[in-house]
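Read the structure below first, then the notes.
Here, each number is a calculation from the coordinates, and none is a lab measurement. Predicted model, so just to flag it, every value in this text is computed and none were measured. Counting neighbours? That spans all protein chains shown, and the Cβs are built from the backbone with ideal geometry, glycine included.
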Amino acid sequence: MERVVGPAEILRLSAEHADRLFDRLEATVPTRPTLFDLSSLRGDEAIVFGDSHGDWRTVERVVDRYEDPTRRRLLIGLGDYLDRTMGDCGAGSVASALYLLQLAARDPDRVVLIQGNHETVRAIPFSPECVRGEIRELWGDDLRRYARLIDLMGRGPLAAYHPAGPYLAHAGVPTAVAGKDWKADFDRVDERFVAEITWTDCAASRNRRGGVDPLDEARLTEFLARAGLTFMLRGHDPDLTGRRLFHERCLTLHTTRVYERFAGVIYARMPLDRPRITLRDVRVEHLDTEGRTFGPVL
């Protein structure tokens, strides 16, 4: 197994060495189903992080927690690894994405990178989107590398779950398919479905990006009941960072200094070693990349 090239080193790669890294990743990064069952992996705890947006300095701290040799942990990202890069991270979206993709290739039984709206840009384009510019800055005008990166990020699932309780997605839940098992809701990967999973604003948020109805308590409760699950972990709405909503059924995470002002830079530890998991079992912690100290997450 080749060593993992860190983000700072990725920013110094020549175009030739970058292409070799892309070749290796295309041969080794797993392609996940649209809805991924986390019980198929091996771990007694999951480190779950929210939107990171190219903040590779923070992503490295998350990976440190994941690689603690005293526990066998999973690493689960909730999407939006790209765009809005911090000024001290250079072409950080590219560096962070390639770093995480190497972990997904090295540890396919432990790392899951759920897609967010910034990874599903081919299905639903948006602006501003800075990854093309970062790749041009690093390796010139040949934007085939952009296509390769977006293809690799697209190998992640759109949502994940564990039969013991949690549902994880970047933003929302799908519209129910009448008369079918809840997993069939994820069989249609049209534009509206992608919008429901990756673009849905929470009703408790000030955000209203439009396109699909907000996720309110009734809709989430109905989905969780159909699926036999207990709570949702999501990202997408920075103003809800760290807030436990809808009677302990929903928690939003952001793991980037881009949105530090809302509630800090946080991630979650989720146990997987018990038959039933609720949101009260999930512990939220701050990372030391925060520029100031925030109080405990409620």
Of everything in the stretch 127-164, what is over 15 Å from V94 (Cβ atoms) and surrounded by 15 or more Cβ atoms within 10 Å (Cβ to Cβ)? Give them in sequence order. G154, R155, G156, P157, L158, A159, A160, Y161, H162, A164
Scanning the stretch 67-115 for residues that are closer than 21 Å to E137 by Cβ and among the charged types (D, E, K, R), the one nearest to the chain's Cα centre (by Cα) turns out to be D80
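For R136, state whether it is over 18 Å from V48 (Cα atoms), in contact (Cβ under 8 Å) with a residue 60 or more places away in the chain and out of contact with any Leu (no Cβ under 6 Å at 6 or more places or on another chain). Before the answer, list the steps.
Numbers: over 18 Å from V48 (Cα atoms): yes; in contact (Cβ under 8 Å) with a residue 60 or more places away in the chain: no; out of contact with any Leu (no Cβ under 6 Å at 6 or more places or on another chain): yes.
Taking the combined requirement at face value, the residue does not satisfy it.
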With respect to R122, is the statement that it is surrounded by fewer than 24 Cβ atoms within 10 Å (Cβ to Cβ), assigned to a loop (DSSP other than H, G, I, E, B) and within 15 Å of the chain's Cα centre (by Cα) true? no
Being of a type outside the set (V, I, T) and more than 19 Å from I114 (Cα to Cα) is the requirement here; does D213 meet it? yes
Name the residue that is farthest from T34 (Cα to Cα), counting only residues in the stretch 165-185 that are touching a residue at least 60 places away in the same chain (Cβ under 8 Å) and either touching a Phe, Trp or Tyr at 6+ places or on another chain (Cβ under 7 Å) or crowded, with 19+ Cβ neighbours inside 10 Å (or both). G165
Do we find that F231 is buried (at least 16 other Cβ atoms within 10 Å of the Cβ), in contact (Cβ under 8 Å) with a residue 12 or more places away in the chain and either more than 18 Å from the chain's Cα centre (by Cα) or more than 28 Å from A176 (Cα to Cα) (or both) in this structure? no
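Conditions (1) in contact with a His (Cβ under 9 Å, 6 or more places away or on another chain); (2) of a type in the set (S, T, N, Q); (3) buried (at least 20 other Cβ atoms within 10 Å of the Cβ), marked per residue:
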position	(1), (2), (3)
F223	no, no, yes
P238	yes, no, yes
H247	no, no, no
G264	yes, no, yes
I277	yes, no, yes
State whether the residues of the stretch 133-155 include one that is closer than 30 Å to F223 by Cβ and assigned to a loop (DSSP other than H, G, I, E, B). yes
